[in-house]
1. Hey, if we sort 84, 188 by accessible area with the 1.4 Å probe, largest down, what's the order?
2. Please sort 149-159, 177-187, 59-69, 355-365 by packing, taking for each peptide the average over its residues of neighbouring beta carbons within 10 angstrom, highest first.
3. Do any of 189/435; 215/388; 244/388; 68/399; 93/399; 326/377 go past 23 Å between their Cα atoms, and which?
4. Averaged across orientations, what area in nm² does the convex hull of the alpha carbons in segment 159-202 project?
5. Tell me the net charge near residue 365. Cut-off is 14 Å between Cβ atoms, residue 365 excluded, with +1 for each Lys or Arg and -1 for each Asp or Glu.
6. Of 85, 251, which has the most accessible area and how do the rest follow, probe 1.4 Å?
7. Rank by packing, highest mean first: peptides 308-317, 201-210, with packing defined as the count of other Cβ atoms within 10 Å averaged across residues.
8. Where does each of 163-172, 271-280 land if you order them by average Cβ count within 10 Å, highest first?
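The values are calculated or read from the model by the stated rules, or taken from the named source; none is laboratory data. All figures in this text were calculated on a predicted structure; none of them were measured in a lab. Virtual Cβ from ideal backbone geometry, glycine too; neighbours counted across all protein chains shown. We work out accessible area using only protein heavy atoms, side chains counted, and drop any ligands, DNA or RNA first. Shrake-Rupley method; radii C 1.70, N 1.55, O 1.52, S 1.80 Å.
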Amino acid sequence: RRGGGGKGGPMAHVNSRDLAYSLIEMAEKPKNERLECLTSIVDDRNSKMKAVRDAALEEVRFATAALKKLGEIAAQSEAETPATVAERERAAKLREEDATACERLVNTPLFQPGGPLMSAQYALAFRFTAEYLQKEGMMNKSAGPCDLGCIASLLCTCEPANFAAVDLLRSRHVEQMVRRYVEASDGTKEFNDKTPAQVQESLISVFAHLFGAVKLPQWHAQHLRDHPEKKGGSSVVLGELDSKVREILEVHSRHAIGAAVEYWRAFAACYAAELGEDNMLPFTGCAWPKDGSFELPALAGMSAPASVRSRFVSLSGHGDRGEDFKTVGELCGSLRRGLVIDPKFLPVYQVDDGPQNAYILDFWRDGLLGNLVRYNKIGDNSVWQMLKDFALVLTAMHKSLDRRCKYAPYKRGIHGEGRQLETVFSDPQVQEAFKLMSADFADKFNNIGKTADAGWANSK
């Protein structure tokens with residue numbers, strides 16, 4: 001059932017029993033005779049009911065085309081052709097080579113600083129990352145990037161901010177940020193109060209939190225609030241991240257942390273004998289009790305089992321289920337003895353609540369390099385490279401979105417005609433916003449040489 005079959009839709013006026021009989025009859029008739037079957041169950045003596053009949057017929061046409069297309073896809077997937085056999089063998093060979101390479105990697109002495117269990121934990125980290133990216137639709141069965149994973153791999157130097165960008169694009173919130181008009185069915189556009197400059201500033205503000213972020217000391221931020229004249233014409237302190245964007249990133253963070261906890265819980269159960277009892281303090285080495293046999297029956301039923309989190313941390317009432325860990329830092333910093341999780345193992349961007357430098361936004365506003373050195377306190381030997389990196393990030397995202405906008409599955413309906421698939425890639429306003437943002441920032445960056453003399457003269 002699709003949207004038209006809901007309450008008040010065109011299919012609501014059709015008797016379900018008659019419709020079932022008619023659909024069976026329609027399946028046995030040629031396409032040009034199906035209209036008579038549907039006419040027999042809809043009274044079209046007035047224009048309103050005729051419109052209802054036409055709308056219902058359109059619903060049936062779409063469902064028939066979708067069923068036909070799905071049947072063709074299922075037949076193609078089940079057919080054994082030389083090409084499919086060769087692809088399956090190639091994928092199996094590639095998986096075997098990847099497994100061999102990972103085994104050699106994790107068994108090198110460099111990967112065993114904490115004992116023999118470190119190799120197994122590194123192998124578990126590889127497996128978790130690969131399977132998680134496959135579940136998220138960013139990696140195919142041959143361990144290659146696919147769909148949004150291509151954007152993440154293109155921005156691999158910015159990890160883990162690249163995963164945050166993917167989550168933001170997939171959430172469809174970008175469409176709300178850049179929407180300047182609503183297009184009616186007749187092609188007319190109703191514009192709101194947003195200007196292209198405001199749309200660019202909102203996007204730059206969000207991406208400045210993710211890419212090229214520079215932390216600002218709390219005392220410096222407070223000093224600038226007390227003495228605003230020290231900022232000149234710049235903001236210096238970046239505003240808080242949009243609440244909706246923060247919520248999107250936190251939801252994905254909790255999901256990834258919960259998945260990681262389950263993997264390491266299974267590891268702790270499998271290697272329980274090697275890990276031993278978690279009853280030893282990390283610095284003093286004191287164990288209590290030494291043989292691990294002490295137990296209070298009155299309290300045993302009230303205690304919460306802890307297999308991932310340290311038992312000493314669990315004494316304060318913290319559990320070790322996935323939802324009990326709020327941040328990546330909490331997960332990595334409160335593990336039991338013998339378990340190790342590096343924050344870089346997890347494809348998660350952790351939102352930083354501290355103040356950040358607004359050098360990217362300030363440069364976009366005035367384009368003066370000297371102000372970044374004078375007011376934002378960015379080193380003159382690194383500011384140019386930092387701005388270049390951010391410009392390349394914007395260009396990469398724009399090119400990726402533009403390429404997917406032209407890709408067939410994002411342009412056509414399920415049966416190759418009719419309705420459009422509504423994705424962030426096919427939205428012309430998103431395409432236009434990213435194009436303008438990328439081109440505008442690149443122009444300002446390329447004009448640094450022309451404005452450098454004026455900027456440095458003002459900074460002295």
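1. 188, 84
2. 355-365, 149-159, 59-69, 177-187
3. 244/388; 68/399; 93/399; 326/377
4. 3.9 nm²
5. -3
6. Most to least solvent-accessible, the answer reads 251, 85.
7. Per-residue Cβ counts within 10 Å, averaged per peptide and sorted highest first, yield 201-210, 308-317.
8. Packing order, densest peptide first, comes out as 163-172, 271-280.
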